[in-house]
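This report concerns only the one structure given below.
The values are calculated or read from the model by the stated rules, or taken from the named source; none is laboratory data. Computed from a predicted model, the values in this text were never measured in an experiment. We place every Cβ from the backbone using ideal geometry, glycine too, and count neighbours over all the protein chains shown. Accessible surface areas use protein heavy atoms only, side chains included; no ligands, DNA or RNA. Shrake-Rupley method; radii C 1.70, N 1.55, O 1.52, S 1.80 Å.
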Amino acid sequence: QAQFVESGGGLVQPGGSLRLSCAASRSIFTIYVMGWYHQAPGKQRELVAGITVGGNTNYADSVKGRFLISRDNAKNRVYLQMNSLKPEDTGVYYCNKDPPWVGSWGQGAQVTVSS
C-alpha cells in the first residue's frame, strides 16, 4: 500500500478554479489507476476522476468537461485541475488508487465553493 497526502484546497467563488495535488509515499508507477474521490457533506465518497498509468482518463458525468486529472509517475504525484467550480463541488477531495486501498485514505483537501 501507500499513503497519500492531498493539498491545494480552499474557498473559491462559483466559476473559479483550484488545482489539487496528491503526493504518494511510494512509487505510483505500478498503480494502474489513480483516482480522485469527492465526499460532499453528508454523502458517501465517490470517484470523480481516474487516470491510468498510461494517461487514459475517465470522469464522472458531474465533472466531465470541467475537471482534468493528470499524473507524474516520476514525482509520485497526481493532480486535479478543477475549473468552472459549482457549489455542489463543495466537499473533501481524496486521492487513492481505483479501487481504493481502504487503509490509505489521507486527510483530504477541503474545497468550498461559495459566494
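Structure data summary
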{"quantity": "Flag for G50 being open to solvent by less than 30 Å² (accessible area, probe 1.4 Å), among the small types (G, A, S) and on the phi > 0 side of the Ramachandran plot", "calculated": "no"}
{"quantity": "Segment 85-111 residues that are farther than 13 Å from Q39 by Cβ, paired with ones that are open to solvent by 50 Å² or more (accessible area, probe 1.4 Å) and hydroxyl-bearing (S, T, Y) (beta carbon under 7 Å, 6 or more apart)", "calculated": "L85/S17; P87/S114"}
{"quantity": "Residue that is under 13 Å from G8 (Cβ atoms), more than 10 Å from the chain's Cα centre (by Cα) and in contact (Cβ under 8 Å) with a residue 40 or more places away in the chain, where the choices are R77, R71", "calculated": "R77"}
{"quantity": "From the options G16, G35, residue that is open to solvent by less than 40 Å² (accessible area, probe 1.4 Å) and assigned to a strand (DSSP E or B)", "calculated": "G35"}
{"quantity": "Identity of the residue in segment 38-47, farther than 10 Å from N96 by Cβ and out of contact with any helix residue (DSSP H, G or I) (no Cβ under 8 Å at 6 or more places or on another chain), that ends up surrounded by the most Cβ atoms within 10 Å (Cβ to Cβ)", "calculated": "Q39"}
{"quantity": "Total residues in segment 93-115, condition surrounded by fewer than 18 Cβ atoms within 10 Å (Cβ to Cβ), part of a strand (DSSP E or B) and either within 13 Å of the chain's Cα centre (by Cα) or at positive phi (or both)", "calculated": "1"}
{"quantity": "Single residue of segment 19-32 satisfying the filter (under 16 Å from G50 (Cβ atoms), of a type outside the set (V, I, T) and open to solvent by less than 60 Å² (accessible area, probe 1.4 Å)) that is modelled with the lowest pLDDT", "calculated": "A24"}
{"quantity": "Single unsatisfied condition, S84 versus (1) among the hydroxyl-bearing types (S, T, Y); (2) in contact with a Lys or Arg (Cβ under 6 Å, 6 or more places away or on another chain); (3) in a strand (DSSP E or B)", "calculated": "(3)"}
{"quantity": "Pick from segment 1-43, criterion of a type in the set (S, T, N, Q) and within 19 Å of T112 (Cβ to Cβ), ranking: nearest to the chain's Cα centre (by Cα)", "calculated": "S21"}
{"quantity": "Qualifying positions in segment 58-73 - modelled with pLDDT of 95 or more and surrounded by 14 or more Cβ atoms within 10 Å (Cβ to Cβ)", "calculated": "N58, Y59, A60, V63, R66, F67, L68, I69, S70, R71"}
